[in-house]
Structure formats: structure tokens, C-alpha cells
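The next block holds one structure in the form of C-alpha cells; read it before the comments.
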Amino acid sequence: MSESVGFFTKACVVLVLLCGLHLIVALIFYLSESPLAKFRNYRHISFISDMVNSQTHGELGQADNETLDVAVYKRIYNNETVIIGDVEKPAEVLESCPETSPLLVGQLRVEFSTPVDFNLVRQGNKHLTMGGRYTPTKCVALQKVAIIIPYRNREEHLKYWLYYLHPILKRQLLDYGIYIIEQDGENTFNRAKLLNVGYAEALKEYDYDCFIFSDVDIIPMDDRNTYGCSSQPRHLSVSMDKFGFRLPYKQYFGGVSAMSKKQYEKINGFPNNYWGWGGEDDDIFNRLSIRGMRISRPSAEIGKCKMIRHGRDRKNEENPQRFNRNAHTRQTINTDGIRSLKYKVVNIEKDLLYTKIRVDIGKP
Ligand code: UD2
Ligand code: MN
């Protein structure tokens, strides 16, 4: 009896020692990042690498299993970039585009005497995808920009705008889309409400973080005037031919402007009740200053723009209420804007050069 107890005690002691040893070995392996496991995975990877290589030469047809192996490996050993380098770091991992695009050329020659034709513009912009979309291919764009153009019956101007702007925007390395917001019917024109519609509709399509609001008849004369956003709302058409290449007045915010999603939302978008010509741009300026923002602008040199000469359109007569409305922005900013916007989309046309959204925005 005592002999068997002695044997049993010894066996227990050996077992406990073995367990301890096992624990220590496990601990050592764990702390030294498991060299054996590493070795095994290196083998695993080079095996996959061989398979991938031979697959590219068409010798192996087990793509599914290989993809699975790589995927599993990725999940478990995500940190070991050195080892997975050749196999798994895909060629299409792109870096951010530079702050200043190296493709810019500076001053541009802009003229409106040579006629342009939609088909010619399409042929010159084969890099676009339907809806007037472009994304740089060699780097990740810093901004996702929706360009919104209020529109009705200005086809001649639209052609020039597309002809000049697409190549510029491409050189600026922007991830962008063009939205032409066309007012349906014959009621009085409402530029600011159309801009609100453009904002809402563009966001339904893509996660844009920057919005450019541009007249259809304004062309920048320097591609260093970036159609992007900054930490403050930005006025881009600062130096226009029609105003002798200077600002007509300090608060002037018409023509082309840029706002981030955050800046735009802070002012509840634009007013919806400015029908006819004028005043809506000053209301937008008021909104920005009421919300404590300042306007940022390029220099007069870089901000040079040309406006295609034109007369006043039918159904866009001067708005006689504009001065009175401008005096009450503080009372209307919260009740009238993007949060109370109502409209009906009538038609959406996808062209290579643009997305045109025809919309019923009602009447005064
Ligand atoms: C000035 C401002 C503009 C706006 C407007 C007053 C400049 C350079 N621009 O433009 O931003 O504040 O005054 O409302 O100072 N449109 C059509 N079809 C129409 C009418 C207007 O497409 O029938 C669009 C088009 O994009 C046009 C924009 O609205 O460029 C502004 O209208 P405008 O060009 O007749 O007014 P303008 O040049 O005085
Ligand atoms: Mn104009």
C-alpha cells in the first residue's frame, strides 16, 4: 500500500514538473514571437509566393485556395509586412496626392471666339466616367469635390465651361463630379435654391466632402486656383474681367465659391426664397459671417477669371426684394435653408461630361 502511494506521489511530482516545463517553453516561445511559427509561416508564404508566381505563368489553376490562404494569413499576421511584402502588398496601394499638383501650368489662355462642340469635348476627355466623374489614377485625391452649376437655357456657356474646366480639374488631382442643376419650367429663376438641390443630390451619389458652387459662364484663367475647400469658406472668382480684375466690394461672394460639407451645414445651406437676379450671394455672405467664419481668397493674380459676355436672361429679372431680405438674414438663417428644402426631381441625365438633374423647385 505505502509503496503504491509513494509511486503515485512521484508520478504526480513528475507530471507537475512536466506541466511547469511546458508552461515555461510556451512562455519563451510566446515572448520571442514564436520563431518556429515565424519559420513555418515564412515557408507558408514562400509557398504561396511560388504558387502565385507560377499562377501568373499559367501553371497552376487553384486560385480560390490561394486567395483563401493569403486572406487567412493577412488576418493573423498583419504586422509582418517584411515577409508578406512581395506577395501581398498590391501594386495598387496608392499614396495621397501632393498638396500642390505637379501637373499645374499656371496662367491659361481663355477665349470664346472659337466655337466648341459637345462631341469634341467628349473626345478630349476620355479619362472621364459617366456623369462627369474623375478620380486620379496615380494617387489618392485629397478632396472629394462636387461641382454644382445652376442652370437653365445656357448651352453655349455650358460647352465652354466643360471644355475648359475638365482638363483643369484633372490637373488639380481632384476626385470630382459635375452636377448641372437645371430649373424645370418657365418660372422665375432661383440660383441659390438650385445650388441647395445640387448639394443634396450630389450627396445621394457619393461621399463628397467639398462643394464648389459655380456660375456656368465663369472660367478661371489660372489652374493654380484650386477648385477645392480650405479651413474657411473660399471665394474663387476674385479677380474678374468684368470688374476690371478686382473685387467689386469686400463682401462680394458671387460667381464661384467653395465650402466644405461642415461649413455649408453650419449656415443651413443657402436661402431658398431669392427669386430672380441678385442678393442671394450677399445673403450667403451674411450667413457665413453670422456663423463666425471668414472668407479665404486666392491672390488677384491666381484668382483671375473670365465671364462669357451675356445679357440678362428672361425670367431672371432683378429681384426687388433682395435688399429687404438681405437685412433679415439673421432671422431667416435657421428657418430657410437646406433643412427646409423641398423640390421634385424631374429627370436625371448622365453624360460623359456631366450629370444633369432637371428639377421642379416651384415658384415664388
Ligand atoms: C452675378 C454673380 C452670380 C449671381 C448673380 C445674381 C458674378 C460673376 N456672378 O451673375 O454669382 O450672384 O449675379 O443672381 O458676379 N443662370 C442660368 N440661366 C438663367 C439665369 C441664370 O443658367 O436663365 C445661371 C447661370 O449659371 C448663370 C448664373 O445663374 O451664370 C448667374 O446668373 P447671371 O449670369 O445672369 O448673373 P450675373 O452674371 O450678373
Ligand atoms: Mn453671368
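Results, tabulated for the structure shown:
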read-out: Subset of the stretch 210-240 that is open to solvent by 40 Å² or more (accessible area, probe 1.4 Å) and among the charged types (D, E, K, R) - its residue that is nearest to residue 98 (Cα to Cα); value: 224
read-out: Test result for residue 140, open to solvent by 10 Å² or more (accessible area, probe 1.4 Å) and in the same structural domain as residue 346 (by TED's automatic domain parsing); value: yes
read-out: Neighbours by Cβ (under 9 Å, 6+ apart or cross-chain): first from the stretch 205-224, at negative phi and assigned to a loop (DSSP other than H, G, I, E, B); second within 16 Å of ligand 2 (Cβ to nearest atom) and hydroxyl-bearing (Ser, Thr, Tyr); value: 215/237; 216/151; 216/160; 217/160; 221/239
read-out: Subset of the stretch 252-282 (residues that are in a strand (DSSP E or B) and either within 15 Å of ligand 2 (Cβ to nearest atom) or surrounded by fewer than 16 Cβ atoms within 10 Å (Cβ to Cβ) (or both)); value: 256, 257, 277
read-out: From the options 284, 295, 333, residue that is within 14 Å of ligand 1 (Cβ to nearest atom) and among the aliphatic types (A, V, I, L, M); value: 284
read-out: Of residues in the stretch 161-176 being open to solvent by 20 Å² or more (accessible area, probe 1.4 Å) and assigned to a helix (DSSP H, G or I), the one farthest from residue 198 (Cα to Cα); value: 171
read-out: Selected residue (criterion: nearest to the chain's Cα centre (by Cα)) from residues of the stretch 183-193 that are more than 8 Å from ligand 1 (Cβ to nearest atom) and buried (at least 24 other Cβ atoms within 10 Å of the Cβ); value: 193
read-out: Given (1) within 16 Å of ligand 1 (Cβ to nearest atom); (2) of a type in the set (S, T, N, Q); (3) in contact with a Lys or Arg (Cβ under 6 Å, 6 or more places away or on another chain), index of the condition residue 237 fails; value: (3)
read-out: Options 179, 206, 249; residue that is open to solvent by 10 Å² or more (accessible area, probe 1.4 Å) and closer than 21 Å to residue 271 by Cβ; value: 249
read-out: Failed item in (1) within 24 Å of the chain's Cα centre (by Cα); (2) surrounded by 15 or more Cβ atoms within 10 Å (Cβ to Cβ), with residue 294 passing the rest; value: (2)
read-out: Residue in the stretch 316-332 that is assigned by TED's automatic domain parsing to the domain that holds residue 284, closer than 30 Å to residue 129 by Cβ and not charged (D, E, K, R) present; value: no
read-out: First in the stretch 338-364 and open to solvent by 40 Å² or more (accessible area, probe 1.4 Å), second anywhere and of a type in the set (Phe, Trp, Tyr) and assigned to a loop (DSSP other than H, G, I, E, B), Cβ under 8 Å, 6 or more apart; value: 360/343; 363/275; 364/275
read-out: Some residue of the stretch 291-313 being on the phi > 0 side of the Ramachandran plot and in contact (Cβ under 8 Å) with a residue 24 or more places away in the chain; value: no
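The values are calculated or read from the model by the stated rules, or taken from the named source; none is laboratory data. Here the structure is a predicted model, which is why all the values come from computation and not from measurement. Quick reminder, even Gly has a Cβ in these numbers, built from the backbone with ideal geometry, and neighbours come from all protein chains shown. Quick note on the areas: whole protein, heavy atoms, side chains included, nothing else; ligands and nucleic acids left out. Shrake-Rupley method; radii C 1.70, N 1.55, O 1.52, S 1.80 Å.
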